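S.K.: Okay, handing you the structure first.
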Amino acid sequence: MTRFLKIFLPIIAAILIDGISEALKQLGTFIVREISDDVTLRRMDWDGVLALTVGSVFMIVLLYFVIKGFAKYESHNLEARTAVLAATLILIGSTNLWAVALKRPEMRKMYDAITPGQSSLQDVERISLASWDRTVRFHSNEPSGICTGDCSFAFVYSVPEVFGEGLMELDFDVNKKLLRKSWF
């Protein structure tokens, strides 16, 4: 068991540090977005705040025990374990690991729940999350335009991928019915 801990404690510590960082970033952006925008509108959406807070506290406590275990083996290859910790932090930090693990499945579920020709703008607004990175594109007669033909406007969402972002596009007609959807 001690050999396992010697090898994997730096990796576990890096994952926890990145997870704590991501949870605290999400909590910080939630507070700024919800408090500044929605208090004036007299509506608050506190979904996820408790989960972020409890998750952050849990990861911090777990990190304490991991670092305590890390210190227990400090005389055995500290340089190598520190290098593994640093390399893992750099690798995890350069990816969208947490967004892919937590946000992408919700986006896929929403994408699968809507049907071209049947779903309306209200259906999409009801099941989509306000925190998703969305842009709106309007009809363009240019060949390179996002919304062409009988499309009146399109929602284009940034979909997290491990290294970078993809796109999810929803095209609507003038009656606000979903014409087509694409995930790329």
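S.K.: Can you pull out the residues in segment 161-170 that are more than 17 Å from D112 (Cβ to Cβ) and part of a strand (DSSP E or B)?
M.R.: Hits for segment 161-170 are E161, G164, E165.
S.K.: Of the numbered conditions (1) open to solvent by 60 Å² or more (accessible area, probe 1.4 Å); (2) modelled with pLDDT under 80, Q118 satisfies every one except a single condition; which is it?
M.R.: Going through the list (1) open to solvent by 60 Å² or more (accessible area, probe 1.4 Å); (2) modelled with pLDDT under 80, Q118 breaks only (2).
S.K.: If you take the residues in segment 157-184 that are closer than 30 Å to I90 by Cα and of a type in the set (S, T, Y), which one is surrounded by the most Cβ atoms within 10 Å (Cβ to Cβ)?
M.R.: Here the residue is Y157.
The values are calculated or read from the model by the stated rules, or taken from the named source; none is laboratory data. Treat the numbers as computed from the prediction; the structure is a model and nothing was measured. Backbone-built Cβ (ideal geometry, glycine too); neighbour counts: all protein chains shown. What goes into the accessible areas is simple: the full protein's heavy atoms, side chains included, and nothing from ligands, DNA or RNA. Shrake-Rupley method; radii C 1.70, N 1.55, O 1.52, S 1.80 Å.
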